[in-house]
1. Which three lengths, in whole Å and largest first, does segment 17-100 cover when its Cα atoms are put on their principal axes?
2. About the Cα centre, and with charges only on the beta carbon of Lys, Arg (+1) and Asp, Glu (-1), how big is the dipole of the chain? Nearest 20 debye, please.
3. Just want to confirm a number: the relative contact order over the chain, from Cα pairs under 8 angstrom separated by 6+ residues, in percent.
4. Go through LEU69, THR18, LEU143 and say which Cα lies farthest out towards the positive end of the charge dipole of the chain; charges sit on Cβ, +1 for Lys and Arg, -1 for Asp and Glu.
5. Between GLU19 and TYR146, what's the calculated FRET efficiency when r is the beta-carbon distance and R0 is 45 Å? Round to 0.05.
6. Counting every Cα pair in segment 85-162, what percent are over 15 Å apart?
7. What accessible area per residue comes out for the chain, rounded to a whole number of Å², with a 1.4 Å probe?
8. Kirkwood Rh, the chain, all Cα pairs: how many Å?
Amino acid sequence: MNDWQERVDAVWDDATLTEGQVIERIDALAGERPEDDPVALFERAGARDSAGLEAEAEVFYRRALDGGLDDERRTRATIQLASTIRNLGKIDEAREMLRAEYEREPRGPLHDAAAAFYALALVSAGEAERAASIALETLAPHLPRYTRSVTGYAREIADGHA
């Protein structure tokens, strides 16, 4: 990890900062990098998103994704952008972004996070049963017992037999 990212992480880890201070400090750090740097844009988006400035965050997320991010940040940015636009009422776009991310890499490190936000988008789209199925299927492998049963019930819900 480089010094710049360590300084960014330190801002995120400082629970004493207000939302405005987080934005200010992240923006200052982003200013050390080129204006179109995707990682800096991603951090700026996250700062605004955390502060509830979703419309501003959306612009930065899209620019970061367009600029090209490493795989982990791309996944994080996709999940965060989709969550943001779901909150802004762009439910269909959010659902499709999250569906694609959920299906992209079933064994990826952020798959469960993609599943959780996909389920939320499905609920927002009026597809609560499909959301429950996704959530239960994702949860099942983490259970100490009943994995097979919960997986089976999740599939029954998805098939409309529950």
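The values are calculated or read from the model by the stated rules, or taken from the named source; none is laboratory data. Here the structure is a predicted model, which means the values were calculated and not measured. Ideal geometry is used to build each Cβ from the backbone, glycine not excepted, and the neighbour counts take in all protein chains shown. Heads up: the accessible areas ignore ligands, DNA and RNA and are worked out on the full protein's heavy atoms, side chains in. Shrake-Rupley method; radii C 1.70, N 1.55, O 1.52, S 1.80 Å.
1. 35, 26, 17
2. Details: 20 positive and 33 negative charges, 139 e Å.
My answer is approximately 660 debye.
3. On the way: 186 pairs, mean separation 19.6, N = 162.
For the chain, the relative contact order is 12 percent.
4. Value computed over the given set: LEU143.
5. Numbers: r = 41 Å, r/R0 = 0.91.
Once rounded, the FRET efficiency stands at 0.65.
6. Numbers: 1650 of 3003 pairs.
Above the 15 Å cut-off, segment 85-162 has 55 percent of its Cα pairs.
7. Working: 9140 Å² over 162 residues.
With the other protein chains kept in place, the chain gives 56 Å² per residue.
8. Working: mean 1/r = 0.0588 Å⁻¹.
This gives a value of 17.0 Å.
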